[in-house]
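Undergrad: Have a look at this one.
The values are calculated or read from the model by the stated rules, or taken from the named source; none is laboratory data. All values derive from a computational prediction rather than experimental measurement. When we count neighbours, we look across all protein chains shown, and the Cβ atoms used for this are built from the backbone with ideal geometry, even at glycine. We work out accessible area using only protein heavy atoms, side chains counted, and drop any ligands, DNA or RNA first. Shrake-Rupley method; radii C 1.70, N 1.55, O 1.52, S 1.80 Å.
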Amino acid sequence: MADGSVIRLLAVREQPLSVDEVLAAVADPAAGGTVVFIGTVRDEDSGKSVDALGYSAHPTVDDALRTVAERVAAEHPVIALAAVHRVGDLVVGDLAVVVAVSCAHRGDAFAAARQLIDDLKSTVPIWKHQTFGDGSDEWVGLP
Amino acid sequence: MATGTVRFWAAARAAAGKSEQAYDGATLGSVVDALGAEHGPELARILGHCSFLVDGARVGRDFQLSQGEVIEVLPPFAGG
C-alpha cells in the first residue's frame, strides 16, 4: 500500500469504500488542490433499471493498478494520489471506485485525476456484471 | 502441438460454463477457434473481444504455444 512515494494508497477490496480514507491518504502540506472522483452504482443503464451489480477482478489487478498510478505520477506533478476499487456484490448507491490526486495547483490535479480514473477503467482487469429489473443481465463493456 | 490449461474469466467463464479446461493446439489462434467451436456462438462472440495472456504475458493469435502453458481469456475490462 503506502510506500513513502506519492502513491499513498492503492487497494482493490470487498469492504465498503470510504471517501474520507482516500482524502486523508492524499492530504499533504504541499497540496494546494485536491481532486476526488467517486464512481457509484447507478439505478439505470441503457434505459433499463439496474437491480444489482457485481465486480470481479483478475489476480493481477493490484499490479495493473500500480502501473496506472505510476504512470500518472510520472506524467503529472503529483504530490499524492490514491485509488481504491470495490469488488463483490454492490447495490445502487454503493461506492464502486474512489480516486484522489493532490497537486500544488488545481489544473494539474484535475488532469492527473482524470487520467487516473480513465486509465483505471480501460487497463485494470476488473469486470462488471449488471442484473436488471426485468431479469436480464449483461457484462458491461462487451459489444 | 502443445497441451495446457485455459482459464476463463468473467463473461467468458459464464459463457463457457466453467472456469478452466484443457487445451491441445499449436498456436493461440487455433486454440481460441477451437474453444469457440466447442462452446458455441456466445463464447465465440465473446472471444472476439477478449485479450489473452499466456503464462502472464499478453500475446496475439500467432503465438506458438509450448507444453504446459496457461492461457487466460480476459474479456474487456469495465472497472469504475
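Undergrad: Only protein chains counted, 1.4 angstrom probe. Which residues of region B:3-19 are at least 50 Å² less accessible in the assembly than when their chain is isolated?
TA: Residues meeting the cut-off: B:Trp9, B:Ala10.
Undergrad: Based on the inverse mean of 1/r over its pairs of different Cα atoms, what is the Kirkwood hydrodynamic radius of region B:2-74, in Å?
TA: Working: mean 1/r = 0.0852 Å⁻¹.
By the Kirkwood definition, the hydrodynamic radius is 11.7 Å.
Undergrad: Averaged per residue, what accessible area in Å² does chain B show with a 1.4 Å probe, protein chains only? It would help to have the intermediate numbers written out before the result.
TA: Values: 3600 Å² over 80 residues.
Normalised by residue count, the accessible surface of chain B is 45 Å².
Undergrad: Per the Kirkwood treatment, what hydrodynamic radius in Å, one decimal, follows for the protein assembly as shown from the mean inverse distance over all distinct Cα pairs? Don't skip to the end; give the middle numbers.
TA: Values: mean 1/r = 0.0532 Å⁻¹.
With all distinct Cα pairs of the protein assembly as shown included, I get 18.8 Å.
Undergrad: Here's a follow-up. Computing the accessible area with a 1.4 Å probe over protein heavy atoms, can you report the carbon and sulfur percentage for chain B? Intermediate values should be presented prior to the final figure.
TA: Details: 1830 of 3600 Å².
On chain B, the fraction of accessible area on carbon and sulfur atoms equals 51 percent.
Undergrad: Moving to a separate point now. Leaving ligands, DNA and RNA out of it, report the carbon-plus-sulfur percent of the accessible area of region A:4-133 at a 1.4 Å probe.
TA: On the way: 2970 of 5810 Å².
Of all accessible area on region A:4-133, carbon and sulfur atoms account for 51 percent.
Undergrad: Indicate, rounded to the nearest 5 percent, the antiparallel portion of the DSSP beta bridges found entirely in the protein assembly as shown.
TA: Working: 44 of 54 bridges.
Roughly 80 percent of the beta bridges in the protein assembly as shown run antiparallel, per DSSP.
Undergrad: Out of the trypsin sites (Lys or Arg not before Pro) in region A:23-109, which ones are loop residues according to DSSP with at most 16 other C-beta atoms within 10 Å? Intermediate values should be presented prior to the final figure.
TA: Numbers: sites: A:Arg42, A:Lys48, A:Arg66, A:Arg71, A:Arg86, A:Arg106; in loops: A:Arg42.
Filter output for region A:23-109: A:Arg42.
Undergrad: Cβ under 15 Å from B:Gly60's Cβ, B:Gly60 left aside: what net charge do those residues give with Lys, Arg +1 and Asp, Glu -1? Could you put the intermediate results ahead of the total?
TA: Details: positive: B:Arg58, B:Arg61; negative: B:Asp33, B:Asp55, B:Asp62, B:Glu69, B:Glu72.
Taking every Cβ under 15 Å from that of B:Gly60, the sum is -3.
Undergrad: Interface size between chain A and chain B, please: total buried accessible area, 1.4 Å probe, rounded to the nearest 100 Å².
TA: Summing both chains' loss of accessible area gives about 1500 Å².
Undergrad: Rounded to whole Å, give me the distance from the Cα center of region B:22-80 to that of region A:99-143.
TA: Measuring centre to centre over Cα atoms gives 25 Å.
Undergrad: Determine the residues within region B:34-80 where the difference in accessible area between the chain on its own and the full set of protein chains amounts to at least 30 Å²; count protein heavy atoms only and use a 1.4 Å probe.
TA: B:Arg45, B:His49, B:Pro76, B:Phe77, B:Ala78, B:Gly79, B:Gly80
Undergrad: Another question, if that's okay. By how many degrees, between 0 and 90 and to the nearest 10, does the Cα long axis of helix B:28-39 differ from the longest principal axis of chain B?
TA: Helix B:28-39 sits roughly 50 degrees off the main axis of chain B.
Undergrad: For region A:24-78, how big is the tail of P(r) above 15 Å, as a whole percent of Cα pairs?
TA: On the way: 1053 of 1485 pairs.
That tail contains 71 percent of the Cα-Cα pairs.
Undergrad: Right, next: How many percent of Cα pairs in region A:4-133 exceed 24 Å?
TA: Percent of Cα pairs beyond 24 Å in region A:4-133: 28.
Undergrad: Check cross-link reach from B:Lys18 to the lysines: straight Cα distance under 23 Å, and skip same-chain residues fewer than eight apart.
TA: Cross-link targets: A:Lys128.
Undergrad: Here is a follow-up. Counting other Cβ atoms within 10 Å of each Cβ, which trypsin sites (Lys or Arg not before Pro) in chain B have at most 14 and sit in a DSSP loop? Don't jump to the answer; show the numbers that get you there.
TA: Working: sites: B:Arg7, B:Arg13, B:Lys18, B:Arg45, B:Arg58, B:Arg61; in loops: B:Lys18, B:Arg61.
Within chain B, the qualifying trypsin sites (Lys or Arg not before Pro) (loop, at most 14 other Cβ atoms within 10 Å) are B:Lys18, B:Arg61.
Undergrad: Normalised by the residues of region A:12-143, what does the relative contact order come to in percent, with Cα pairs under 8 Å and at least six apart?
TA: Details: 273 pairs, mean separation 49.5, N = 132.
RCO, region A:12-143: 37 percent.
Undergrad: Just want to confirm a number: the relative contact order over region B:2-74, from Cα pairs under 8 angstrom separated by 6+ residues, in percent. Working shown, then result.
TA: On the way: 133 pairs, mean separation 31.6, N = 73.
With pairs under 8 Å counted, the relative contact order is 43 percent.
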